[in-house]
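Would you mind keeping the following structure in view while I ask a few things?
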Amino acid sequence: MKKYILIGIFLLAAKSDGLSQKDKRLKIDSLKKILPSLKDTARIDCLNALSQGYIGVKTDSAKLYGLQALKEANNINYTYGQGKAYFRIALSLWVSGMEFPAMERYSNMAIIHFKKYPNDQQLGVAYRDLGYSKWAQSSFPEAIDAMQTCLQLYIKAGDTADIGSIYNILGAIEAERGYYGNALQYLLKGIGFNQESNYGDLGLLYMLVGDFDTALEYLRKSLVTSKYANLSIGEVFFNEKKYDSALHYYRQFQQYATTSGYNDICKGYARRGELYLVLHQYDSALIYLQNALYPFKKANDRNQVMWVLLRLGRAYKEMGHFMTALHVANRLLQTAQETGARQSIRDAHFLLYELFEALGQYSKALIHLHSYMVVKDSIDKDLSVQKLSFYKTQTERAKAQSSIAMLNKERKLQQQELKQTAIQKNVLLGGVISLLVFGAVLFGNIVLKRRNEKHLRELAENELQIQKLESEKTKIEFQHRSAELEMQALRAQMNPHFIFNCLSSINRFILKNESEAASDYLTKFSRLIRMVLTHSKQSLISLDDELEMLRLYLEMERLRFKYSFDYNINFKNAVNPENIFIPPLLLQPFAENAIWHGMMNKEGQGHLTISLSQENNELSCIIEDNGVGRAKAAELKSKSAEKKKSLGLQITKERLALLNKDSNETTFFEVKDMYDTEGNANGTMVILKIKLHDRFEEHSVIS
């Protein structure tokens, strides 16, 4: 997902104006008529009002009237008028978006003067502008401090509508520097305020978790109050690879930006440059990106500078200008490290990896690939965990609303029939929102899986480059690291697949209104997820831990299918599961396959038996079920409208191939059909052979 999609939150929250352009013009004309007749403080107040009136209409005039008000206020030492003038000038600089250091200075002066007057809301707005100027210059900690101060002042003033907008801005700042978990928490808080006008914020929140359809629905509603939603809608279509629609909305945004400030015009240039880049129109991409870069640098808008540098580097790389691209990528990495923007650090390392690989400098490429993986894993885990937290929070909120509705129904059944109807509608709305959020979480996990698949293809290309290495020692090290990264990618791919299947089961309980069963299932699921996350960084775990996770999964499936099957795990000979180490989540896909394709299609009670034995340096696992057999399962699948590939088994097969790569075996598990005495299908048997490794061999398993 694009790392700057939340920029629209501040635009939607802070740049919307309740007056139409016509009303603003009428107000400006009336103020101009009375200005010549005014003197002293009244004249200065009128000049400040004119500066405010020109905001969003003619930015240069807004700045000029603010400067004139400041000059006349200084002449008569009018402190309040000075503070208002500083504030108006800073606001005009924000709208133009091209002088952020100056905006910072004027905001600080406005704060100094406003502190002399007991107006918390007005002082809070000055801190908001200071925070924005710091944010644009990538001074993230200082920006957050200023926004937190603004938030406390708004709370003190009781300004609930603006409290919500500041939470949204804090979320956007955290997303800008790559801390998506913190961003999601702030956005959830912001949604609770100003419920009647939060369509844009909701749309951008759903865009963050990957639910583009819901995001478009809310963003289109927000177009009524803010034309800035055009930019975010274009971003959604760009992420969906609907480039014609993206270009249409980018052009719509640029038409509006001609009246709002040059910074917004440059943002339109930058987004169109990125669009031409993915369409391989590199000359056009360079023109738009370069036209955007210089104004951003002049304004010290370092967030947008990093955004443009990454696309410029990619354009130069695709055109074969590797040295120019290398220079741009190093500038990006230096700026990102200075500001602490994690996603820009990640992207800079990956671009440098690609460039050094293309130049044949494989040692440097390997260093940047390792740095990329470290930052990427940190960001992906942060976002995945917070998506699950987001889903759970929404589910608990809906459940609480349902409980309140039931209590009110029991106490006021006869007296409040109309109120009961309203409560039931609220409960239904909460359930729909929970399902939408659930879909967003699932879609986000699918996106992560596809990114991992892309990374696997890149690793395969890496293997081909190994043959080009001149030094044998460097070649061996590169092969070792590539195999290790491949194993990490397979494990990262396995977890979203497993989480997707578990969340599907939770969804079924919700759809059937079985709240207690859903709660019980969610508790078991959280325990299982905790174990999966604990072991996600380990190549090998003990057989004891693997069996504990397997039992948890089987208990969840038994609950899901109302105990329509039972299972038994036994050892055929002396096996010490604490001293045997295997890759995590290796047995679960086979058990899942037996349940879903075998026993769930069978009439009567199902039985699943898992037998383990150890012979020398090999663990044998036999998984037997009394299901309908493979032939019947294939027949049922062909008749079903829902045909799914066994993704878990395919990933497991690839993991076993890596684990047993030193052996001569080409098949690592065998599937046999079982029949009764009359020749009827009586289930399936899977025989799994796993090469064992000691714990101290964990880091050398795939070397």
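The values are calculated or read from the model by the stated rules, or taken from the named source; none is laboratory data. Small disclaimer: the values here were computed from a predicted structure and weren't measured. Note that we place each Cβ from the backbone using ideal geometry, even for glycine, and neighbour counts take in every protein chain shown. Heads up: the accessible areas ignore ligands, DNA and RNA and are worked out on the full protein's heavy atoms, side chains in. Shrake-Rupley method; radii C 1.70, N 1.55, O 1.52, S 1.80 Å.
Select from segment 20-63 the residues that are among the aliphatic types (A, V, I, L, M) and open to solvent by 60 Å² or more (accessible area, probe 1.4 Å) and write down the one among them that is modelled with the lowest pLDDT.
Leu26
Additional query: Among the residues of segment 241-255, are any open to solvent by 10 Å² or more (accessible area, probe 1.4 Å), on the phi > 0 side of the Ramachandran plot and out of contact with any Pro (no Cβ under 7 Å at 6 or more places or on another chain)?
yes
Failed condition for Ile76, given (1) within 15 Å of Cys46 (Cα to Cα); (2) out of contact with any Leu (no Cβ under 6 Å at 6 or more places or on another chain), with all others met?
(1)
Only one of Leu277, Leu332, Leu286, Leu293 is within 21 Å of Leu369 (Cα to Cα), touching a helix residue (DSSP H, G or I) at 6+ places or on another chain (Cβ under 6 Å) and either open to solvent by 40 Å² or more (accessible area, probe 1.4 Å) or in a helix (DSSP H, G or I) (or both); which?
Leu332
A further question follows. Could you pull out the residue among Pro118, Pro101, Pro141 that is surrounded by fewer than 22 Cβ atoms within 10 Å (Cβ to Cβ), at pLDDT below 85 and out of contact with any helix residue (DSSP H, G or I) (no Cβ under 7 Å at 6 or more places or on another chain)?
After applying the criteria, what remains is Pro118.
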